[in-house]
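Let me begin by presenting the structure, written as structure tokens, before commenting on it.
No lab work stands behind these numbers, since they all come straight from the coordinates. Since the structure is predicted, the reported quantities are computational estimates derived from the model, not experimental observations. Cβ: placed from backbone, ideal geometry, glycine included. Neighbour counts: every protein chain shown.
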């Protein structure tokens, strides 16, 4: 199947009967195997066959993103936006790349904000709301940021505006702070707990958060985000 379908997409019979169905099945199987190059070839075949259907071009960009070819994805999305300035999905992904990959927070926020506004509740993807809100925070616009977080929580993407984890387990409670009673262990939860040390940590944390008003906060924050799954900065050892 995987060897025949790409060729069949160019035949007269397949053009009349099953190009979308065949391509969709091939892409599903290739994605499962992690064969994104074959997915890309199939998406491009669909773009050539149905140039008026923009969704296939967006699929090309998304496949480039999965392949970590962000510059190629950006070019495809840019072309889509030039032809259709109100394509919500293209705007959202274009802004996402600008902010996350190119550290262009201001423009990234502008594109994501426009994309989510135009897309309404049809774009249900936590990463856009997370990075839009975070970007607004970094630009010194906390009220707008919390409006984004609250809307995402209302859509069910976050547990709450404060608990913004993108991957959650049903029934698993997330809280910023836990009392000993809420843990279910009562007084045993406080055994070995150093309140003085905790107060000092909270005080130090508050002082660090106050730095968001300073001119170098943005760079200070970016230097300490997780890079490749590892924290580049830690407050002491566990």
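Observations
- Three-way shape label, the range 35-94, alpha-carbon gyration tensor, a/c 1.5: oblate
- On the basis of the beta-carbon distance and an R0 of 45 Å, residue 179 and residue 102 show a calculated FRET efficiency of 0.60.
- Here the range 124-170 is described by how far its Cα atoms reach on the three principal axes: 33, 16, 14 Å, from widest to narrowest.
- Prolate/oblate/rounded label for the range 72-129 (Cα gyration tensor, a/c 1.5): oblate
- Proxy reagent accessibility, fewest Cβ within 10 Å first, across 148, 169: 169, 148
- Pair-distance profile P(r), taking every C-alpha pair of the range 19-163, with 10 angstrom steps and integer %: 12, 37, 33, 16, 3
- Each peptide in 122-131, 44-53 was scored by the mean count of other Cβ atoms within 10 Å over its residues; highest first, the order is 122-131, 44-53.
- Anisotropy class of the range 93-154 from Cα gyration tensor, a/c 1.5 cut: oblate
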